[in-house]
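Take a look at the structure below.
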Amino acid sequence: MAVKRTGSRLGSSFDSFLRERGLYESVSSLAWKRVLAWEITEAMRKADVSKTEMAKRMKTSRAQIDRLLDPDNVSVSLEAIQKAAAALGKRVVLNLEDAPELSGKAGSGPGVGLKSR
């Protein structure tokens, strides 16, 4: 099977590939969680905040912090993410954007992140 060459790229975008297979939402959720876990971990490292201290600041358990920082655990609540951000002097920024058309245009990636206050 020949691959159609369009400009300097081969075939369609990775987003289109995932959508065609019904995987886009689950892969996007995992990507968002991995980015957030990394951002929280980095903010903790820069602020010299241990997991134990983070649990105290958030008034939660150390096990909850482990779940929050687990890049593969996508079932963390927005409330937990917001509490973590606040405990580190940050705020959560979440926005909705128009989805790219399914014509092969690549998306811009996760629309979430932590911002300094």
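Every listed requirement among (1) more than 16 Å from the chain's Cα centre (by Cα); (2) at pLDDT 95 or above; (3) among the hydroxyl-bearing types (Ser, Thr, Tyr) is met by residue 12 save one, (2).
Failed condition for residue 17, given (1) farther than 22 Å from residue 86 by Cα; (2) among the hydrophobic types (A, V, I, L, M, F, W, C); (3) in contact (Cβ under 8 Å) with a residue 40 or more places away in the chain, with all others met? Every listed condition holds for residue 17 apart from (3).
Here segment 15-58 is the region considered, the condition is being at pLDDT 95 or above and of a type in the set (Ser, Thr, Tyr), and the residue that is farthest from residue 90 (Cα to Cα) is 52.
The condition of being touching a helix residue (DSSP H, G or I) at 6+ places or on another chain (Cβ under 8 Å), basic (Lys, Arg) and at pLDDT 95 or above holds for residue 90.
The set of residues from segment 30-69 being surrounded by 14 or more Cβ atoms within 10 Å (Cβ to Cβ) and aromatic (Phe, Trp, Tyr) comprises just one member, 32. If I filter segment 70-99 down to residues being β-branched (Val, Ile, Thr) and assigned to a loop (DSSP other than H, G, I, E, B), which single residue comes out as surrounded by the most Cβ atoms within 10 Å (Cβ to Cβ)? Only one residue tops the list, namely 76. Looking only at segment 9-51, which residues are in a helix (DSSP H, G or I) and of a type in the set (Gly, Ala, Ser)? Once the filter is applied, which keeps residues that are in a helix (DSSP H, G or I) and of a type in the set (Gly, Ala, Ser), segment 9-51 yields 16, 26, 28, 29, 31, 37, 43.
The values are calculated or read from the model by the stated rules, or taken from the named source; none is laboratory data. Not measured: the values here are computed from a predicted model. For neighbour counting, all protein chains shown are included, and Cβ atoms are generated from backbone atoms with ideal geometry for every residue, glycine included.
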